[in-house]
Amino acid sequence: MSRVAVLGSVNMDLVAYADRAPNRGETVSGTDFRQIPGGKGANQAMAAARAGARVSFLGAVGDDAFGAQLRANLTAAGIDTTGLHTVPGVSGIAHIVVESGGGNRITVVPGANGEVTGVPEADRTLVAGADALLLQLELPMAAVLAGASLGREAGVPVYLTPAPARELPDELLANVDVLVPNQHEAAAITGHDEPGAALAALLERVPEVLLTLGEDGSLYGRRGEEPVAVAARRVKAVDTTAAGDTFCGSFAVARAEGRTPREAMEFAAAAAAISVGRHGASSSMASRDEVEALLRG
């Protein structure tokens, strides 16, 4: 069983479902509402755990009711929350509007996530003992930099999902092994809308890139090698909220287990296909048995 450490955000997702999201100044009628644990870090941790890894989560929640629920949700999934600290104030939340076609619009309020500025000494063994470290950009940059540096020092492969998209410091990318952007984030970082051009530009800055392309599948590149493309599975999407996080967490587990990039992409594509066919973020993710069954079938 592989070991995965995740340093990242954990939020309570407040999800409204509607035929379409409102325009500026407009009110629309919704069809449903759900309160679902989420956050890019927690989503990737859940995906990795359900893909079969032993997962440790590092981050922070508030001392409010959401904080207790968020911790309990991770613990119930078998995730080690030793590195999840409780701080005074509110937990992170995400306000999400999901449209009938599965698209979404998201506003994130960091809350306790904004209090994470590094990796406490007591939590460093959680990273050093891992086979992969997953990072995102919903924590302060100081925390992301500290995590990436710690991963590099420990010889642990560092995965970075550059979301929300922003300028990426060279000192961060120097410690990243695998960059995992979607097509919009890749375009924002490189200025290239065409996936192949964006991949080539990103490979000038990091050794490996896994570019997720939604319904167009995924594209992987490693310096000096031919890119690998894998098609997405054709499914009816009802909610794409955690598809990218599901893909990243599942891919990292598959690679840590020794699968080739193509095999890992196919495994992750199956996990993501199941995820988008269900409502919610962490609540939508498939178990390893479900993913393996889809791959066999």
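Summary table below
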item: Global form of the range 36-110, assessed from the alpha-carbon gyration tensor, a/c cut-off 1.5; result: oblate
item: Linear extension gain, residue 75 paired with residue 223, 0.36 nm per residue minus alpha-carbon span; result: 49.5 nm
item: 3J(HN,Hα) from dihedral phi, the range 223-239, Karplus parametrisation 6.51/-1.76/1.60, rounded to Hz, x for glycine, proline; result: 3, x, 10, 6, x, 10, 10, 10, 6, 7, 7, 7, 9, 7, 7, 10, 6
item: Taking the chain and dividing mean pair separation by its residue count, relative contact order in percent (alpha carbons under 8 Å, at least six apart); result: 18
item: Cα→Cβ-extended label distance, 7 Å offset, between residue 121 and residue 234, nm; result: 5.9
item: Helical mean residue ellipticity (222 nm; -39500 (n - 2.57) per DSSP H run of 4+; nearest 500) of the chain; result: -10000 deg cm²/dmol
item: Net lengthening on full extension, residue 174/residue 288 (0.36 nm per residue, minus Cα-Cα); result: 37.8 nm
item: Cβ-based exposure ranking for 40, 236, in which fewest neighbours within 10 Å come first; result: 236, 40
item: Karplus (6.51, -1.76, 1.60) ³J(HN,Hα), θ = phi - 60°, over the range 9-19, in Hz, Gly and Pro reported as x; result: 8, 9, 10, 9, 8, 9, 10, 9, 9, 8, 4
item: Built amide H within the under 5 Å cut-off of residue 64, gap 5+; result: 91
item: For the range 138-248, alpha-carbon Rg over 2.2 N^0.38 Å; result: 1.07
item: Long-range HN-HN contacts of residue 136 with modeled amide H, under 5 Å; result: 161
item: Dipole axis of the range 231-292 (+1 Lys, Arg; -1 Asp, Glu on Cβ), positive-most option in 274, 235, 260; result: 235
item: Per-residue ³J(HN,Hα) for the range 173-188, Karplus 6.51 cos²θ - 1.76 cosθ + 1.60, θ = phi - 60°, Hz, x for Gly and Pro; result: 5, 5, 10, 9, 8, 10, 9, 10, x, 8, 5, 6, 5, 4, 5, 5
item: Long-range HN-HN contacts of residue 38 with modeled amide H, under 5 Å; result: 11, 12, 13
item: Surface/4 of the Cα convex hull for the chain, nm²; result: 14.8
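Values in this text are rule-based calculations from the coordinates and carry no lab data. These numbers come from a predicted model, not from an experiment. Note that we place each Cβ from the backbone using ideal geometry, even for glycine, and neighbour counts take in every protein chain shown.
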